[in-house]
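Worksheet: one structure, shown below.
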Amino acid sequence: MNYTASPQRYQEMEYRRCGKSGLKLPALSLGLWHNFGGIDNFENARNILKLAFDKGVTHIDLANNYGPPAGSAEETFGQVLKKDLKPYRDELVITTKAGFYMWEGPYGEWGSKKYLVSSLDQSLKRMGLDYVDIFYHHRPDPETPLEETMAVLDLIVRQGKALYVGISNYSATDTEKAIKILNDLGTPCLIHQAKYSMFDRWVEGGLLDVLETNGTGCVAFSPLAQGLLSNKYIKGIPADSRAASGRGNGALEQNRITEENVNKVIKLNDLAAQRGQNLAQMALSWILKDPRITSVILGVSKPEQLTDSLECLKNTSFSESELHEINSILA
Ligand SMILES: NC(=O)c1ccc[n+]([C@@H]2O[C@H](COP(=O)([O-])OP(=O)(O)OC[C@H]3O[C@@H](n4cnc5c(N)ncnc54)[C@H](OP(=O)(O)O)[C@@H]3O)[C@@H](O)[C@H]2O)c1
């Protein structure tokens, strides 16, 4: 049956301006790193994407290497776009990235012009798109001059293959340099995509200040530390969890489910209950309390997780004593 988007889709989502740009993103976005690959169930992936759009999640985050196998998440998305979402293309912000390993030889990863131009062309084909809304350089390249990598981002925008560009996993210092080069080229750095959760607070050590000063947005990834910041691992490792999946490719491994982490999770879970939330919801609200965060990217394996996580928007403010308690649990 043909899909028709919910007429209520814009009623509950909050949209935040991305830095000082004209673009607004939903406070909660959907990422296709895991659960949308060729090894995953297509109908489940399709249901999650349709539900997300019905709930106002207009921003879908991809990368060339998402799967597994690499490239297959873009293919899955391309199929869902073709079957269901194509009439809504102008209501969607679709992103992709390149930087990690994609193909053999010297041109299949990092930050050269040769790699980035070819990779984006491949991504557009896999998704059946003429352009993406945001193209990211996925990780800094210690060998390619930053001027070359930033010039490719500028080129891609001028060619009409991306509307905006961003960077991901860059340090605060490298981010400052990249922003300056892009400004000089006339293509501003729209956004930085950074790992940020209660368990990984590196962005607080300078990156968020650099982004705010320069009017660049920030989108947070792995907000639940890949599921660790939920109540799912309190009583062991469930068979259908990411930690049990052995997916590789950076996915959560069982050695992260330590007694120390689980003890913190139990205390955070109690605090979340006092706020009328579950831990996953509180962990998302905690990131969104900072207005410098444009959006938080959710990774979900089931539609119910998406419904559950969206509830976090009902309470994104924290009292001083709650923040103090969270800091002491995490210390
Ligand atoms: N730029 C980069 O380098 C980079 C790197 C990593 C990720 N990302 C982006 O960020 C996105 C999100 O990353 P992530 O998947 O690591 O995010 P995450 O939110 O930290 O982890 C997602 C996992 O948490 C569990 N989960 C989600 N909602 C839940 C809920 N309400 N209750 C209980 N458990 C819940 C699920 O685990 P189960 O699968 O066990 O059910 C889900 O697969 C990616 O898809 C990608 O788009 C970017």
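Read-outs: derived from the displayed coordinates by stated rules, not from any lab. Being a predicted model, the structure only gives us computed values, none of them experimental. Counting neighbours? That spans all protein chains shown, and the Cβs are built from the backbone with ideal geometry, glycine included.
General remarks:
- Selection count where residues are of a type outside the set (D, E, K, R) and touching a Phe, Trp or Tyr at 6+ places or on another chain (Cβ under 6 Å), scope the range 109-118: 1
- Positions within the range 42-57 being free of Cβ contacts under 8 Å to residues at least 40 places away in the same chain and either within 13 Å of the ligand (Cβ to nearest atom) or not basic (Lys, Arg) (or both), in sequence order: Phe42, Glu43, Ala45, Leu49
- Any hit, the range 22-41, residues being in contact with a strand residue (DSSP E or B) (Cβ under 8 Å, 6 or more places away or on another chain), hydrophobic (A, V, I, L, M, F, W, C), touching a residue at least 24 places away in the same chain (Cβ under 8 Å) and farther than 17 Å from Ile297 by Cβ: no
Residues checked against (1) away from the ligand (no atom under 16 Å from the Cβ); (2) within 27 Å of Asp61 (Cα to Cα):
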{"site": "Asn269", "(1), (2)": "no, no"}
{"site": "Gln274", "(1), (2)": "yes, no"}
{"site": "Gln281", "(1), (2)": "no, yes"}
{"site": "Ser285", "(1), (2)": "no, yes"}
{"site": "Ser319", "(1), (2)": "yes, no"}
{"site": "Glu322", "(1), (2)": "yes, no"}
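- For first residues located in the range 292-318 and farther than 25 Å from Gly19 by Cα and among the polar types (S, T, N, Q), partners that are within 8 Å of the ligand (Cβ to nearest atom) and assigned to a loop (DSSP other than H, G, I, E, B) and lie 6+ apart or on another chain with Cβ distances below 8 Å form the pairs Ser301/His34; Ser301/Asn35; Ser301/Asp240.
- Among residues of the range 11-62, those that are touching an Asp or Glu at 6+ places or on another chain (Cβ under 9 Å) and over 14 Å from Thr76 (Cβ atoms), counted: 11
- The lone criterion from (1) assigned to a loop (DSSP other than H, G, I, E, B); (2) surrounded by 16 or more Cβ atoms within 10 Å (Cβ to Cβ) left unmet by Gly160 is number (2).
- Just so you know, in the range 200-240 the residues that are of a type in the set (S, T, N, Q) and free of Cβ contacts under 8 Å to residues at least 60 places away in the same chain include one that is surrounded by the fewest Cβ atoms within 10 Å (Cβ to Cβ), and it is Thr213.
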